[in-house]
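Peer 1: Next up is a structure, given as structure tokens.
Derivation of every value follows stated rules applied to the coordinates shown; laboratory data play no part. Bear in mind the structure is a predicted one, so any value in this text is a computation, not a measurement. Ideal geometry is used to build each Cβ from the backbone, glycine not excepted, and the neighbour counts take in all protein chains shown.
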């Protein structure tokens, strides 16, 4: 079974907000605003009932995602330098790393069989008219 910290990371990486002290289980009647109760219950149920091989895959997803997330913040070390000797800064580094990170987050959602949460979205840009 995933640890509490892994459960928090899985929800966060999937784009879902914190649950605080609210009980999220198969019998809860939640009112979460933009996230329907069925999504929270499905996510919680699947995370709590992984088979051993599925838990191994989830642990790999979480480890990879933590590394990708850290690489985004670590790239801030290079934002003030355009070039040093033969090394040249990739001006799109943060964007490229963020894109890869979000791609892996969506892959994890696909593995879990849940839609990406509100903080992740579906990756589609929408244009509207006013």
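Peer 1: Of 77, 9, how do they rank once you tally other Cβ atoms within 10 Å and put the fewest first?
Peer 2: 77, 9
Peer 1: Could you line up 111, 13, 61 from fewest to most neighbouring Cβ atoms inside 10 Å?
Peer 2: Ranked by crowding around the Cβ, least crowded first: 111, 61, 13.
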